[in-house]
1. Can you say whether Arg299 is surrounded by fewer than 19 Cβ atoms within 10 Å (Cβ to Cβ), touching an Asp or Glu at 6+ places or on another chain (Cβ under 9 Å) and assigned to a helix (DSSP H, G or I), as far as the supplied structure shows?
2. Show the residue pairs meeting these rules: Cβ distance below 6 Å; 6+ apart or different chains; first residue within the stretch 272-291 and over 22 Å from Val174 (Cα atoms); second residue away from the ligand (no atom under 11 Å from the Cβ).
3. With respect to Asp142, is the statement that it is in a helix (DSSP H, G or I) and more than 17 Å from Leu9 (Cβ to Cβ) true?
4. For the list (1) away from the ligand (no atom under 16 Å from the Cβ); (2) assigned to a loop (DSSP other than H, G, I, E, B); (3) among the polar types (S, T, N, Q), I need the number of the one condition that Ser278 fails.
5. Which residue is surrounded by the most Cβ atoms within 10 Å (Cβ to Cβ), if the candidates are limited to the stretch 52-76 and must be more than 19 Å from the chain's Cα centre (by Cα) and farther than 10 Å from Met309 by Cα?
6. Residues Ile104, Ile22: which one is at pLDDT 95 or above and within 14 Å of Val123 (Cβ to Cβ)?
7. Within the stretch 145-169, which residues are in contact (Cβ under 8 Å) with a residue 40 or more places away in the chain and outside any loop (DSSP other than H, G, I, E, B)?
8. For the stretch 30-81, give me the residue count where each residue is basic (Lys, Arg), assigned to a helix (DSSP H, G or I) and in contact with a helix residue (DSSP H, G or I) (Cβ under 8 Å, 6 or more places away or on another chain).
Amino acid sequence: MEFAGSHILSVHQFERTDVERIFAVADRMGPYARRRRVTRVLDGAILGSMFFEPSTRTRVSFGSAFNLLGGEVRETTGFENSAIAKGESLYDTARVLSGYSDVIAMRHPVAGSVAEFAAASRVPVINGGDGSNEHPSQALLDLYTIKSELAGRGRGIDRLRIAMVGDLRFGRTVHSLSKLLCLFERVQVTLVSPGELRMPGEIVEEMRRAGIEVIESDALEASISHVDIVYSTRIQEERFGTQAEADLYRGRYRLNQSIYTHHCEPNTVIMHPLPRDSRDHARELDDDLNDNPNLAIFRQTDNGMLVRMALFALTLDVVEQVDKHARDVNWYTAGRF
Ligand code: NCD
């Protein structure tokens with residue numbers, strides 16, 4: 001695809017070569033994300049950051065990624081602080097905000113809303129999550145993490161064996177990741193969820209059509225014994241009618257060190273898009289895994305910076321200029337990464 005000026009709304013936009021291009025650019029962002037070098041390539045540019053659903057890492061990492069490229073961020077969070085609360089349409093909001101920004105990152109609770117906004121925007125829009133539909137930048141950072149975690153073991157994304165566990169019905173990260181895996185060869189995906197929270201049928205069909213071997217199960221232990229990656233997810237309580245309904249599923253699947261030791265292959269990588277639900281009745285990924293070197297959740301969040309910097313560099317067409325506007329950092333940075 002042509003990245004310059006393009007919206008990033010769905011992983012369906014990408015061919016395998018596009019994903020490889022994003023990853024190659026992400027690799028080049030390392031010195032800047034690790035605070036070895038500073039670049040001002042986006043000096044003067046403005047990111048409009050519009051998050052109408054709770055967000056910590058996606059919102060802050062999009063903003064920090066833009067700052068690390070030298071740009072500035074203007075932020076709107078929550079409907080209550082936006083003129084949308086006064087009845088303004090997505091169309092009008094997009095026409096206005098795109099006059100103030102060079103690129104926009106947006107999260108919204110309604111599936112399809114970010115695409116509707118993008119259709120009226122005069123600048124590229126990146127989908128930071130639209131309801132239970134898609135979360136393309138998360139899928140890219142997840143896949144980038146899978147690639148780098150497995151590289152040291154002589155394995156790659158082709159022939160990957162992954163178990164996705166938890167709320168596969170409402171989890172947009174697993175929806176986007178499943179679709180993205182369709183670009184790779186001989187992948188095996190095990191879907192572990194309660195019957196009511198299964199992966200939507202059309203995504204399962206899409207994976208099978210692409211040649212992915214899909215296994216569906218409701219049993220955790222048996223499903224994680226022969227995989228490279230266990231990808232755990234939170235019950236998406238905000239998408240249920242009532243908390244009582246969400247309570248039926250919270251805590252159903254809990255991965256902890258004991259289960260890991262007894263059931264997983266020695267170097268199985270543990271991933272989660274975060275936030276993990278640390279309340280006692282949930283704990284889908286127990287804190288006792290924190291010292292497990294195969295717990296990759298914070299490497300995922302660090303990788304998110306690289307991937308989001310790459311998306312900005314590509315959509316604003318500055319990839320080849322990043323290093324020309326760079327210098328060493330002035331401050332003490334040792335030991336951070
Ligand atoms: C996810 C999301 O918002 O979809 N979080 C994230 O962006 N890393 C997952 C979640 O909220 O459970």
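The values are calculated or read from the model by the stated rules, or taken from the named source; none is laboratory data. Treat the numbers as computed from the prediction; the structure is a model and nothing was measured. As a convention, Cβ positions derive from the backbone with ideal geometry for all residues, glycine included, and neighbour counts pool all protein chains shown.
1. Spelling it out, Arg299 is indeed surrounded by fewer than 19 Cβ atoms within 10 Å (Cβ to Cβ), touching an Asp or Glu at 6+ places or on another chain (Cβ under 9 Å) and assigned to a helix (DSSP H, G or I).
2. Short answer, once both residue conditions are applied: His281/Arg250; His281/Gly251; Asp288/Asn256; Asp288/Gln257.
3. So Asp142 fits the description; yes.
4. Just one mismatch for Ser278, condition (1).
5. Here the answer is Gly71.
6. Ile104
7. Thr145, Ile146, Lys147, Ser148, Glu149, Leu150, Arg161, Ile162, Ala163, Met164, Val165
8. First pass over the stretch 30-81, keeping only residues basic (Lys, Arg): 34-37, 40, 57, 59, 74.
Among the residues that remain, those that are also assigned to a helix (DSSP H, G or I) are: 57, 59.
Applying the additional criterion that residues be in contact with a helix residue (DSSP H, G or I) (Cβ under 8 Å, 6 or more places away or on another chain) yields 57.
Of the residues in the stretch 30-81, 1 are basic (Lys, Arg), assigned to a helix (DSSP H, G or I) and in contact with a helix residue (DSSP H, G or I) (Cβ under 8 Å, 6 or more places away or on another chain).
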